[in-house]
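Report on the following structure.
Here, each number is a calculation from the coordinates, and none is a lab measurement. Values in this document were obtained by computation on a predicted structure and should not be read as measured data. Heads up, the Cβs are rebuilt from the backbone with ideal geometry, glycines too, and the neighbour counts pull from every protein chain shown.
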Amino acid sequence: MSESQMKNHESCGAGCACGAESEGLLISSIGRRKFISFGAYAAAAAALAGCGAGGGADATSPSTVGATVKISDYATLANVGGVAITTVSGIPVAIVRTSTTSFITLSRICPHQGSTINQISTGFRCPNHLAQFDTTGNWVGGQMTSNMRSYSTSFDASTGTLTIG
């Protein structure tokens, strides 16, 4: 379409000689309110889609780790209540000593959107949506989500090793 046809198109109507209709160049105008309304709907749909992406621990964390670690490699695990932040088999985890002979291992992959959860003084927090978890991985505040995934653990006191399922 020539420049003169484009200028004519700006003031033309359907069926005019400029050919805009046959070239698919005519668009219906919508009012400002309708445009803003459609924009708000699109933003809400995008936000909801983002919130559903994580879905739960199964969607973001592997179901098993399959590794053995030496407790003596983590000075923070020398005492009950100690937490070791590490990566095992490529998975970011937190190992928590709950008694002299028991531990829990938590995936640090957020069950909401898959971000890596950080340790804070009272437990853990997702840096993306600020969900907070206690030291046993239970959700306690911030944006609602499921608990952190925990892995089965078996401690062998004679060898000082922890097998993580």
Query raised in the report: For labels at residue 75 and residue 87 in the simple 7 Å Cα→Cβ model, what's the distance in nm?
Result: 2.2
Requested in this report: Rank 74, 119, 100 by how far each Cα sits towards the positive end of the charge dipole of the stretch 57-164 (+1 on Lys, Arg Cβ; -1 on Asp, Glu Cβ) and give me just the farthest.
Outcome: 119
Report task. Compare the peptides 142-152, 81-91 by average per-residue count of other Cβ atoms within 10 angstrom and give them in order, highest first. Result -> 142-152, 81-91
Requested in this report: Read phi for every residue in the stretch 150-158 and hand back ³J(HN,Hα) as whole Hz from Karplus 6.51 cos²θ - 1.76 cosθ + 1.60, θ = phi - 60°, with x for Gly and Pro.
Outcome: 10, 10, 5, 9, 9, 9, 9, 5, 5
